[in-house]
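Worksheet: the structure to be examined is printed underneath.
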Amino acid sequence: MPTTLTHGLHSIGTGIGDWLDTFKWDPKIEVSERRNTAGVFGKVKSFNPTNEFSFKGGGDMGIGLGTGSLSITGMSGGCHLIKSSLRNEDSHDFDGHEVGGTHYPGATVAS
């Protein structure tokens with residue numbers, strides 16, 4: 001498989017802070033499983049797709065805990081929920097942050 005080196009983060013939209021160093025995206029699904037009388041899987045069904053994501057960067061994070069209106073290519077619809085936010089300061093380097101959350105493509109925000 002060929003390796004492509006692309007400088008920059010092209011799948012990320014706007015609203016994710018001043019400086020973005022890395023972005024990780026982990027699509028997930030839940031699965032219902034039914035075994036048959038022989039004990040092997042006879043039926044499976046996937047449901048509840050989600051996307052776990054995290055990013056690291058510097059400067060202003062651009063978003064706080066809770067639901068955010070993020071624009072991330074491939075994660076449209078539903079809602080994004082920022083679940084964790086870590087900020088660090090350093091005496092000899094730039095400040096930074098790490099943010100983690102989940103995209104629920106079929107959900108709406110409850111009030």
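The values are calculated or read from the model by the stated rules, or taken from the named source; none is laboratory data. Treat the numbers as computed from the prediction; the structure is a model and nothing was measured. Cβ atoms come from the backbone with ideal geometry, glycine included; neighbour counts cover every protein chain shown.
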Count of region 59-70 residues which are among the hydroxyl-bearing types (Ser, Thr, Tyr) and either assigned to a strand (DSSP E or B) or under 19 Å from Pro49 (Cβ atoms) (or both): 1
In region 79-111, the residues that are outside any strand (DSSP E or B), without any contact (Cβ under 8 Å) to a residue 40 or more places away in the chain, under 18 Å from the mean Cα position of the chain (by Cα) and exposed (fewer than 12 other Cβ atoms within 10 Å of the Cβ): Thr108
Test: residue in region 59-78 that is at pLDDT below 80, within 28 Å of Ser111 (Cβ to Cβ) and in contact with a Lys or Arg (Cβ under 8 Å, 6 or more places away or on another chain): yes
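Could you tell me whether Thr6 is in a loop (DSSP other than H, G, I, E, B), modelled with pLDDT of 90 or more and farther than 27 Å from Ser111 by Cβ?
So Thr6 does not fit the description; no.
For region 15-34, what are the residues that are of a type in the set (Asp, Glu) and either within 23 Å of Pro49 (Cα to Cα) or not in a strand (DSSP E or B) (or both)?
Asp18, Asp26, Glu30, Glu33
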